[in-house]
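Nothing in this text is a laboratory measurement; each read-out follows from the coordinates by a stated rule. None of the values given here were measured: they were computed from a predicted structure. Here the Cβ is made from the backbone with ideal geometry for all residues, glycine too, and neighbour counts use every protein chain on show.
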Amino acid sequence: MTGFLRRSAQSDAEFDPSRPILSAEGVHHWYYSPERKSFVTALEDLSLSVRRGAFVALLGPSGCGKSTLLNMFAGLIAPSLGVVRYQGQAITAPNTQAAYVTQNDSLLPWRRVAANVGLPLEVRGVPAREREERVAQVLNQVGLQGFERAFPSELSGGMRKRVGLARVLVTNPNLVLMDEPFGALDAQLRARLHAEFLRLWSERGMTVVFVTHDIDEAVTLAQEVYVFASRPGRIRARIDIDLPFPRDVEEIRYSARFVELSHRLRDELRLANPVIEEH
Amino acid sequence: MNDRTSPATDSVPDQDPALRARIEQGRRETIAAWRRQRQWVWVGKILFPLAFLGLWQYASDRWIDPFFVSNPVDVAIRLWEWLLDGTIVGTAIETLLSAAYGFLLGGAVGIVLALLLGRIFWLDEIIRPFLTALYSLPRLALVPLFIIWLGIGAAMKITLTSVIVFFIVFYTTYAGVRDVPASLINLLRTMGASRFDIVRKVILPSAGVFMFTGLQVSVPYAVTGAVFGELVVGSSGLGWLLRRSQNNLDSTGVFAGLIVIMCVAGAISFCVTMLQRLTSKWRMEVSAPVM
């Protein structure tokens, strides 16, 4: 019963655990910028692949194209040149196998918590009774039981994030695409959500691609980090984060290896993105 | 153990009784002052219109010739007569229906077009300059054209009303559709939602506030459209009633007609407000404590 949305029958047939779940091959992206009155290169000859079950961070300053790449994986943007694949197949339409999380919590303010969490199930035509069950179960997992009937505006920022997380988990996704999901939170709350999310990731065996500009966040959570250079956006380095799991998100930042890795990432970022006085 | 600065008076058993009494008295006085103020507002609400009517009644025949301003008693008598002989019901229903049909038609077309142009960018670029050009026309200047096309009956009034309502509802709803956060739409797309799903689950609720503002604002304009049509050429309805009274130099009749028009606009406005209450509960609950 729990696996009812995991995979379609078709992709089950060609399921191959050794094949990367996501890949980008020679991706370029250009778009017309009305301000500059010319085409801008957002991504330049970018290739990477994400293996099944991995926790990958895309790290870079704003405007480096990391969100554009994430949107390509979500099937919201098509690359101008090159191809992005999900389970080996080119992504040409919104990727409904992926759960997509944005920086703002993106809850529908006119829907109560339960209706927000149940939205992806509703869109997929899951019957109301089953929907209710799944929603109750997942709200329980994120510690929001009893808040089913609240409107998002009645919740704190942290609770809204949890609702967003519940909405991701309710479909049992293979793949979670996150665009700075813990951006606008205070440090303690952020650490708590980091810990909870890491636990959910290891329990469920999902693949996570995570966009961030925060070095510490990338080292705390990810198994591998792609460092982006901007203007035009491209990958500068790929760095393995060999810190063992399970990680204690509060303690790990004081370990020598953590410091070493975050230093290294910062150096890469600096080299890739020399400071340009602009604004 | 007595903390004299503490405001928590109710639950402290060993508090100085004199202090306690003083605080209790202060609390009662605060509440009483608030009540008195509320009462005065209510008295004012009733007195102000009464004073207005009284002044009108007094001034008429003393300061101003009643030929121009009539007086409240005569207007009330006239309304009563019209109510008895069926004039009000007949004309008001005529005007109300023209206004309501025009309102529904103009509102529906406005909303649908706003959804289309708000979401389909190339269509928007083609169509909207054209609409903007039309918008610059005073709608009432279209009356001669509508009379040539449709005669002087209900069709003309409904068309005029719907054109007036259309522009108001279109522009407000369009602003609402453009205001929908792209992140919400993208979210629904990644869930595999159809275009229809996106409109129904995101765009309409999100743009709803703008849409209802447009509808609410256009109610008096809808009545204006219907009444204006009747006033110029109609042979029935409240506008016609006004014109007949004017032709008879009957200011009492004109005032009575204006009051009926207010009631008609009030009726439509009430319906829109009720519909809005039903559909925007989430917003009401947020703003309720502030009120």
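Are there trypsin sites (Lys or Arg not before Pro) in the stretch A:37-106 that DSSP puts in a loop and that have at most 11 other Cβ atoms within 10 Å, and which ones?
Values: sites: A:K37, A:R51, A:R52, A:K66, A:R85; in loops: A:K37, A:R51, A:R52.
Qualifying residues, ordered by number: A:K37.
Given the DSSP H assignment, sum -39500 (n - 2.57) over each helix run of at least 4 residues in the protein assembly as shown and divide by its residue total; what's the result at 222 nm in deg cm²/dmol, nearest 500? It would help to have the intermediate numbers written out before the result.
Numbers: 22 runs with 323 residues, N = 570.
For the protein assembly as shown, the value works out to -18500 deg cm²/dmol.
Calculated FRET efficiency, A:R266 and B:A267, Cβ-Cβ r, R0 56 Å, to nearest 0.05?
On the way: r = 68 Å, r/R0 = 1.22.
Working from the Cβ atoms, E equals 0.25.
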Quiz item: Can you give the % of DSSP beta bridges in the protein assembly as shown that are antiparallel, to the nearest 5?
Solution: 50
Exercise. Multiply the residue separation of B:L278 and B:Q37 by 0.36 nm, subtract the distance between their alpha-carbon atoms, and state the gained length in nm to one decimal.
Key: 83.5 nm
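Does the stretch A:47-179 come out rounded, prolate or oblate by the C-alpha gyration tensor, with a ≥ b ≥ c the root eigenvalues, rounded set by a/c under 1.5 and, if not, prolate when a/b is larger than b/c and oblate if not? If you can, show how the numbers build up before the last one.
Details: a/c = 2.27, a/b = 1.71, b/c = 1.33.
Prolate.
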Quiz item: All other residues with a Cβ under 14 Å from the Cβ of A:L177 taken together, and with Lys, Arg as +1 and Asp, Glu as -1, what is their net charge?
Solution: +1
Exercise. Work out the FRET efficiency for B:L150 and B:Q216 from their Cβ-Cβ distance, taking R0 = 25 Å, and round it to the nearest 0.05.
Key: 0.35
Self-check item: Nitroxide proxy distance, nm - points 7 Å out along Cα→Cβ at B:Q246 and A:A187
Solution: 7.4
Exercise. Give me the distance in nm between label points sitting 7 Å out from Cα along the Cα-to-Cβ direction at A:E251 and B:Q25, one decimal.
Key: 6.4
Quiz item: Which is the longest run of chain A containing none of the chymotrypsin sites (Phe, Trp or Tyr not before Pro) found in DSSP loop states (not H, G, I, E, B) with at most 12 other C-beta atoms within 10 Å?
Solution: A:16-279
Quiz item: For the stretch B:69-279, what is Rg from Cα atoms divided by 2.2 N^0.38 Å, rounded to two decimals?
Solution: 1.21
Quiz item: In chain A, if every C-alpha pair distance is counted and binned at 10 Å from zero, what percent goes to each bin?
Solution: 6, 27, 34, 24, 8, 0
Exercise. In nm, give the distance between the simple-model label positions of B:D85 and B:T132, each being 7 Å from the Cα along the Cα-to-Cβ direction.
Key: 5.3
Exercise. Give the shape of the stretch A:107-258 as rounded, prolate or oblate, defined through the alpha-carbon gyration tensor: a ≥ b ≥ c are the square roots of its eigenvalues, a/c under 1.5 means rounded, and otherwise the shape is prolate if a/b is larger than b/c and oblate if not.
Key: prolate
